[in-house]
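Okay, so here's the structure we're looking at.
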Amino acid sequence: MSKLLILMIFTLFSFANDKFINMKSCESLKLSRFTTLISCHNIDYLVEYKLQDDEEKDNIKKITAITVNDQKIIKTTGKVK
């Protein structure tokens, strides 16, 4: 019975490791005061910030995911120049 339980635990951990992305290999590069480039697992994320007086409000203006073949806006707030 205990061998079966140990086998099930090892199986569960092996499947869990495949599903989670290792964030340790990601890199972040601050391009300017309001722009950051995050590179993670063959996808680059361009994060643009806006000046916000209230710290409790969200200060992210736009997030763009960039791959080799495509770019897609993930989040945008209002009009973006």
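The values are calculated or read from the model by the stated rules, or taken from the named source; none is laboratory data. Since this is a predicted model, take the numbers as computed values, not measurements. Cβ atoms come from the backbone with ideal geometry, glycine included; neighbour counts cover every protein chain shown. What goes into the accessible areas is simple: the full protein's heavy atoms, side chains included, and nothing from ligands, DNA or RNA. Shrake-Rupley method; radii C 1.70, N 1.55, O 1.52, S 1.80 Å.
Do we have residue 46 as within 17 Å of the chain's Cα centre (by Cα), of a type in the set (A, V, I, L, M) and either open to solvent by less than 90 Å² (accessible area, probe 1.4 Å) or at pLDDT 70 or above (or both) here? So residue 46 fits the description; yes. Among residues of the stretch 50-61 that are within 14 Å of residue 35 (Cα to Cα), those with a Cβ under 9 angstrom from a residue that is exposed (fewer than 10 other Cβ atoms within 10 Å of the Cβ) and small (Gly, Ala, Ser), sequence gap 6+ or separate chain, pair up as 61/78.
Being of a type in the set (A, V, I, L, M, F, W, C) and modelled with pLDDT under 85 is the requirement here; does residue 4 meet it?
yes
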